[in-house]
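Engineer: First the structure, which I've put down as structure tokens, then a few questions once you've had a look.
The values are calculated or read from the model by the stated rules, or taken from the named source; none is laboratory data. All figures in this text were calculated on a predicted structure; none of them were measured in a lab. Quick reminder, even Gly has a Cβ in these numbers, built from the backbone with ideal geometry, and neighbours come from all protein chains shown. Ligands, DNA and RNA are excluded from the accessible area calculation, which covers all protein heavy atoms including side chains. Shrake-Rupley method; radii C 1.70, N 1.55, O 1.52, S 1.80 Å.
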Amino acid sequence: MDRKKSHIDLAAAQQSSQSTFDSIQLQHCALPTINFTDIDLSTSFLGFQLAAPIMISSMTGGTRESIAINRNLAEASRECGIAMGVGSQRISLEGVSDEGLQRELRKWIGSAPLFGNVGLANLIKWRQPNCLNQLAESIQADAMIIHLNPMQEIFQDHGDTDWSGSLDCLAACIAKCDIPVIVKEVGMGITPSVAKLCQQAGAAAIDIAGSGGTSFIDIEGALAQDPRRQHAAQVFREWGHTTAELLRHRDYQSINLPIIASGGIRHGLDIAKALALGANLTGIAGLILNSARVSTTECINTIEQLKFELQIACWGTGCQRPSELKKVHLS
Ligand SMILES: Cc1cc2nc3c(=O)[nH]c(=O)nc-3n(C[C@H](O)[C@H](O)[C@H](O)COP(=O)(O)O)c2cc1C
């Protein structure tokens, strides 16, 4: 639980200034034929209706501060009409605590989509393919997220590094789950070849969760007691693939699944570029963490700012809906 608290503190202090999104330009339209006030950000994702193509990526669970953070995020999701993923539910299944992940979440988030979360590393250890339904039920989740984090685990002093049988485990757990399962990384990216394997294993959507934002190699390196890990974390600082780089990969075109672009999203223009590159939804974690530590209102302000910036990107490209951004020329 202390580790989760340290993750929040260290992630909140991280900042991303430069990004591969900067190398992409949306083509300016000097002659829009729409009314700015008619720009409609509403989106459907996996059958869920959202007011904008934005979700709050999985973050907290398991610390006392998480209760307040999750409440702020859930209430803001409800007010702004977007989806929210919770942080890992590992400890609630292990029966240690459910702090931050109680049933009240459903009350706070109302009818907005709520996604549960657990690591594949835990599923491999537990050998209970049916547990996704149990985790979903405990918070009344609409979908489950399984996160893949091998490079985070190797930098943890006692991380789970036996991933033998991981693909079979993934497929077995998804097969037993009664609701859609999204597979994500935690900030190093899901390459097209891994996305394909996840698709074959039954994933309903892929969340790229690429590099360029929160870095769990930095975070775990800072927490590691083992000097070898501390040193190696410096060596592997730049590991992973950025979200923009993966979205641009031509092999992603053959993945016939909804794609969430997350990892290193800094503002509404990054969101617009991710959608133009083919994403169906975008996710933010580090970007909203500091607001989530303050209040629901701060979270709402952050999300509304993103929506406004996305509307401006639509205006500047002459698009009435974000889905039209896919047709906008990129350079
Ligand atoms: C404090 C913190 C805790 C996180 N915990 C989880 C987690 O429990 N499960 C998970 O799938 N991802 C977790 N993540 C990873 C995020 O969901 C996201 O994939 C990653 O931070 C990259 O997005 P960003 O660059 O917008 O922060 C966490 C991120 C942060 C900042």
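Engineer: What helices does the chain have that are whole DSSP H segments, at least 20 Å long along their own axis by Cα, and with mean Kyte-Doolittle hydropathy of 0.0 or more?
Structural biologist: Answer set is 296-317.
Engineer: Once phi is turned into θ = phi - 60°, what whole-Hz ³J(HN,Hα) does the Karplus curve with 6.51, -1.76 and 1.60 give for every residue of segment 82-89, x standing for Gly and Pro?
Structural biologist: My calculation for segment 82-89 gives 10, 8, 9, x, 8, x, 3, 8 Hz in order.
Engineer: Can I ask one more? Evaluate 2.2 N^0.38 Å with N set to the residue count of the chain, then give the Cα radius of gyration divided by it.
Structural biologist: Ratio of Cα Rg to 2.2 N^0.38 Å: 0.94.
Engineer: OK, next. Defining a contact as two alpha carbons under 8 Å apart and six or more residues distant in sequence, what relative contact order in percent does segment 82-227 show? Write out the running numbers ahead of the final one.
Structural biologist: Numbers: 246 pairs, mean separation 31.1, N = 146.
Relative contact order for segment 82-227 comes out at 21 percent.
Engineer: Near residue 327, which lysines are there with a Cα under 17 Å away, not counting those fewer than 8 places off in the same chain?
Structural biologist: 273
Engineer: Under the Karplus relation 6.51 cos²θ - 1.76 cosθ + 1.60, θ = phi - 60°, what is the ordered set of whole-Hz ³J(HN,Hα) values for segment 242-253, x standing for Gly and Pro?
Structural biologist: The phi angles translate into 6, 4, 5, 4, 5, 4, 7, 5, 5, 5, 5, 5 Hz.
Engineer: Contact order normalised by length for the chain, with contacts defined as Cα pairs under 8 Å and 6 or more residues apart; what percent is it?
Structural biologist: Numbers: 695 pairs, mean separation 74.1, N = 331.
22 percent.
Engineer: Residue 215: net charge of surrounding residues, Cβ under 11 Å, Lys/Arg +1, Asp/Glu -1, itself excluded? Write out the running numbers ahead of the final one.
Structural biologist: Values: positive: 237; negative: 218, 220, 238.
Around residue 215, the surrounding residues sum to -2.
Engineer: Taking H as built 1.01 Å from N, whose amide H comes closer than 5 Å to the amide H of residue 282, not counting residues under 5 places away?
Structural biologist: 54, 55, 261
Engineer: For the chain, what is the accessible area per residue in Å², given a 1.4 Å probe and the full set of protein chains?
Structural biologist: For the chain, the solvent-accessible area averages 43 Å² per residue.
Engineer: Now, a different point. Within straight cross-link reach of residue 176, meaning Cα distance under 16 Å, which lysines are found once same-chain residues fewer than 8 apart are removed?
Structural biologist: none
Engineer: While we're looking at this one, here's another question. Considering only protein heavy atoms and a probe of 1.4 Å, how much of the accessible area of the chain is carbon and sulfur, as a whole percent?
Structural biologist: Percent of accessible area from carbon and sulfur atoms in the chain: 50.
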